[in-house]
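Down below is the structure, laid out as structure tokens.
Any read-out appearing in this document is the output of simple, stated calculations on the displayed coordinates, not a laboratory observation. Since this is a predicted model, take the numbers as computed values, not measurements. Quick reminder, even Gly has a Cβ in these numbers, built from the backbone with ideal geometry, and neighbours come from all protein chains shown.
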Amino acid sequence: MPNEIRTGEINIQPILLKQLNIQLDVLRLDKIHPVVSGNKWFKLKYYLQQAIDGNYAGIATFGGAFSNHILAAAYACNTLGIKCTGFIRGEMPQQYSQTLLDAQALNMQLEFVSRAAFADKDVIMQAYPGLFFIPEGGYGKIGARGAAEILQLVPDLSAYDHIVCAAGTGTMLAGITNAALPHQQCIGISVLKNNLSLEKEMLALVEKQAAGLVRIVHDYHFGGYAKYKQQLIDFMNTIWLEHILPLDFVYTAKAFYAVLDMAGQHYFPNTSKILFVHSGGLQGNRSFKKGTLLF
Ligand SMILES: *Cc1c(COP(=O)(O)O)cnc(C)c1O
């Protein structure tokens, strides 16, 4: 990703865990940009480079109506002056989500495809041979290569023994694992319910020598992808009040809940140093009614 797009300052926020002898530091990738934030920058970087180098007529990608990936792709292409098409899962809604309105305002052309057609992406890709297609969610080795650069932002990387992040496609987790040091364990918190193919898909992007460093935890999905319970909303508000740390309900809130819960159950040995990657995604919170969140 050309650096001019990255506006905000990224930093590390230490979180004090009362009663636990653990250091928890949060890498604030959400600060990259107020709307288009987090890991999507890193995952898109080398796809965009390939598209530019290959002189394609434009870029296209896939996602749902609330997708952080769709909005990030729209923003990046608009900034770089690249024509961009978003294939959106499901029939055209009567009322566009805020994410789709924003993507459209950023000149992304929206094409709605039925769920059946969306499942068979090859057919769509073959119909547009001039476009460079980025896989849904930026999944793939090219996405993982960009995500590996996330750890370059950490000043004292070797100090940490655990690195924790949310996992959707597992691309970010794979990239982080490839860049991790041999004494570090990388833990991905799956935000999907029973996504048992995630390990295999993630490991397909991990270099052989790093495969032993990574594991996925499946116990903190709160009902499934983009689903939540009041308990999660209360947790997000508490974390905001106690630490001024904004979380999103799809990814980072579930992962942060997991890390605190696992710490409480003594998953991490005493004196552990944990790096939590706040992967952004706060724009998704705009789908809540005003007043639901305190931030
Ligand atoms: C997309 C996204 C993820 C998931 O990344 P994967 O590489 O698909 O696992 C995690 N956090 C946020 C905020 C995201 O937007």
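Listing for the model above:
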{"quantity": "Residue count, the range 170-198 (criterion: within 8 Å of the ligand (Cβ to nearest atom), of a type in the set (Val, Ile, Thr) and not in a loop (DSSP other than H, G, I, E, B))", "calculated": "1"}
{"quantity": "Neighbours by Cβ (under 7 Å, 6+ apart or cross-chain): first from the range 166-183, in contact (Cβ under 8 Å) with a residue 24 or more places away in the chain; second among the polar types (S, T, N, Q) and more than 8 Å from the ligand (Cβ to nearest atom)", "calculated": "Ala167/Ser190; Leu181/Ser158"}
{"quantity": "One residue from Gly212, Gly224 being loosely packed, with under 15 Cβ neighbours inside 10 Å and part of a loop (DSSP other than H, G, I, E, B)", "calculated": "Gly224"}
{"quantity": "The range 9-46 - residue that is outside any loop (DSSP other than H, G, I, E, B) and among the basic types (Lys, Arg) and, of those, nearest to Leu106 (Cα to Cα)", "calculated": "Lys40"}
{"quantity": "Every residue from the range 254-288 that is surrounded by fewer than 18 Cβ atoms within 10 Å (Cβ to Cβ) and closer than 15 Å to Ser190 by Cβ", "calculated": "Asp261"}
{"quantity": "Candidates Gly138, Gly168, Gly143, filtered to the one that is among the small types (Gly, Ala, Ser), touching a Pro at 6+ places or on another chain (Cβ under 9 Å) and crowded, with 18+ Cβ neighbours inside 10 Å", "calculated": "Gly143"}
{"quantity": "Options His162, His218; residue that is out of contact with any helix residue (DSSP H, G or I) (no Cβ under 6 Å at 6 or more places or on another chain), within 14 Å of the ligand (Cβ to nearest atom) and in contact (Cβ under 8 Å) with a residue 12 or more places away in the chain", "calculated": "His218"}
{"quantity": "Selected residue (only one of Thr79, Thr85 is β-branched (Val, Ile, Thr), more than 16 Å from the ligand (Cβ to nearest atom), surrounded by fewer than 17 Cβ atoms within 10 Å (Cβ to Cβ) and farther than 13 Å from Gly64 by Cβ)", "calculated": "Thr79"}
{"quantity": "All positions within the range 224-257 that are under 18 Å from the mean Cα position of the chain (by Cα) and among the β-branched types (Val, Ile, Thr)", "calculated": "Val250, Thr252"}
